[in-house]
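What follows is a short report on a single structure.
The values are calculated or read from the model by the stated rules, or taken from the named source; none is laboratory data. It should be emphasised that the depicted structure is a prediction, and the values quoted were computed from it without experimental measurement. FYI the Cβ positions are ideal-geometry reconstructions off the backbone, even for glycines, and counts take in every protein chain you see.
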Amino acid sequence: MDLRRIVLFTVVGSMSVAGPVVSGQVMVAQNPANPNATTPPTTAAAPSSQTTGPQVPAFEAASVRLTPPGSRGFFSISKPGMPRFTVRNTTLQAVVEMAFAVPRQRMEGAPNWFDSQLYDIDAKVEGDKGLTYEQMRPLLQQLLKDRFHLAIHREMEVQKAYALVIAKRGPKLQSSKGTSQYGQILPNQLYCPSCSLERLARILEQVTGRPVVDKTGIKGDFDIKLDYAPDTASESSLPSIFTALQEQVGLKLVPQESPSEILVIDHVERIPTEN
């Protein structure tokens with residue numbers, strides 16, 4: 001996806017310090033006493049071997065196809081709360097990000113087509129029940145396993161990161177009165193309505209390319225808009241994302257090293273199984 005993509009911000013407990021808190025998680029995290037330990041490879045969402053166990057969540061029906069040549073356009077996704085999950089012109093990397101609430105910076109082992117091959121997905125929720133993006137994740141994980149034979153494991157790795165803290169002159173945050181589960185990253189702007197600062201930290205990972213940990217201690221939801229120049233803009237009158245944070249919302253990114261959970265892709269197939 002390019003910079004005009006709509007980025008999903010439904011997530012997210014931090015996955016960087018105290019282990020994962022991803023909804024619908026199907027892997028067992030590493031032992032904190034042994035951070036170098038890894039989980040063995042497993043499919044994205046393995047069903048129970050006992051017939052009396054809980055039923056694996058899955059879509060009632062799903063169509064998964066390669067985007068036809070000549071029909072490529074902007075990335076699109078259905079709104080949260082709908083009884084269907086529909087995406088157009090999206091990469092498998094984006095779908096895995098949605099399914100596991102893991103940004104691309106925390107993925108390893110992906111094949112070279114992972115962020116370029118486009119797909120169209122149309123999946124129906126059983127009983128026409130409207131689901132949030134968070135509630136949809138276990139179903140997406142199962143879809144990835146069934147149609148792309150996705151197998152993954154998790155590892156802990158110390159990475160260069162940022163801490164999101166309060167700037168010297170204090171926060172400049174506007175409290176939100178609405179609700180929203182998504183926002184936008186445009187070429188010169190970040191917009192996140194009804195945004196917690198933990199959620200903002202996850203969004204900033206997309207912009208900075210590094211894990212970001214919220215250390216502000218501020219609770220609540222805020223309407224956040226940042227006008228900034230991306231790193232690729234050689235000539236711009238707008239400030240960098242670091243300056244924009246301080247000047248526009250009174251927050252600051254401080255470099256640090258942080259243990260982060262990495263999603264390692266052991267196997268995935270480019271051509272989905274037949275519908």
Query raised in the report: Is there a residue in the range 183-197 that is buried (at least 17 other Cβ atoms within 10 Å of the Cβ) and more than 30 Å from TYR119 (Cβ to Cβ)?
Result: yes
Requested in this report: Tell me, yes or no, whether the range 167-179 has at least one residue that is touching a Cys at 6+ places or on another chain (Cβ under 8 Å), more than 30 Å from THR273 (Cα to Cα) and in a loop (DSSP other than H, G, I, E, B).
Outcome: yes
Query raised in the report: If you check PRO239, PRO259, which single one turns out to be surrounded by 14 or more Cβ atoms within 10 Å (Cβ to Cβ), in contact with a Phe, Trp or Tyr (Cβ under 7 Å, 6 or more places away or on another chain) and not charged (D, E, K, R)?
Result: PRO239
Requested in this report: Among the residues of the range 225-248, write down those that are closer than 14 Å to ILE203 by Cβ, free of Cβ contacts under 8 Å to residues at least 60 places away in the same chain and of a type outside the set (Val, Ile, Thr).
Outcome: LYS225, LEU226, TYR228, ALA244
Query raised in the report: Counting only residues that are among the small types (Gly, Ala, Ser) and farther than 20 Å from ARG104 by Cβ, which one in the range 126-160 is surrounded by the most Cβ atoms within 10 Å (Cβ to Cβ)?
Result: GLY130
Query raised in the report: In the range 214-247, what count of residues is obtained for those that are in a helix (DSSP H, G or I) and of a type in the set (Val, Ile, Thr)?
Result: 2
Requested in this report: Determine whether THR132 is more than 27 Å from LEU204 (Cβ to Cβ), hydroxyl-bearing (Ser, Thr, Tyr) and under 18 Å from the mean Cα position of the chain (by Cα).
Outcome: no
Query raised in the report: Between residues in the range 163-175 that are in the same structural domain as LEU251 (by TED's automatic domain parsing) and under 27 Å from SER260 (Cα atoms) and residues that are in a loop (DSSP other than H, G, I, E, B) and among the charged types (D, E, K, R), which pairs lie under 9 Å by C-beta distance while being six or more apart or on different chains?
Result: ALA163/LYS215; LEU164/LYS215; VAL165/LYS215; ILE166/LYS215
Query raised in the report: Which of the residues belonging to the range 233-275 are out of contact with any strand residue (DSSP E or B) (no Cβ under 9 Å at 6 or more places or on another chain) and on the phi > 0 side of the Ramachandran plot?
Result: none
Query raised in the report: Looking at the range 168-214, which of its residues are in contact with a helix residue (DSSP H, G or I) (Cβ under 9 Å, 6 or more places away or on another chain) and over 17 Å from ALA244 (Cβ atoms)?
Result: GLN181, TYR182, PRO211, VAL213, ASP214
Query raised in the report: Where residues in the range 200-236 are of a type in the set (A, V, I, L, M) and over 13 Å from PRO187 (Cα atoms), which of them is surrounded by the fewest Cβ atoms within 10 Å (Cβ to Cβ)?
Result: ILE218
Query raised in the report: Restricting attention to the range 156-166, does a residue exist that is in contact with a helix residue (DSSP H, G or I) (Cβ under 9 Å, 6 or more places away or on another chain), of a type in the set (Asp, Glu) and not in a strand (DSSP E or B)?
Result: no
Report summary line: Residue set ASP221, ASP227; condition among the acidic types (Asp, Glu) and within 21 Å of the chain's Cα centre (by Cα); output residue ASP221
Report task. Search the range 161-182 for residues being surrounded by fewer than 14 Cβ atoms within 10 Å (Cβ to Cβ) and more than 21 Å from LYS252 (Cα to Cα), and hand back the single one that is modelled with the highest pLDDT. Result -> LYS177
Query raised in the report: Based on what the data block shows, is LEU226 at pLDDT 95 or above and within 20 Å of ARG104 (Cβ to Cβ)?
Result: no
**Report entry** Subset of the range 94-124 [more than 18 Å from PHE59 (Cβ to Cβ) and surrounded by fewer than 19 Cβ atoms within 10 Å (Cβ to Cβ)]
**Finding:** ARG104, GLN105, GLU108, GLY109, ALA110, PRO111, ASN112, TRP113, PHE114, ASP115, SER116, GLN117
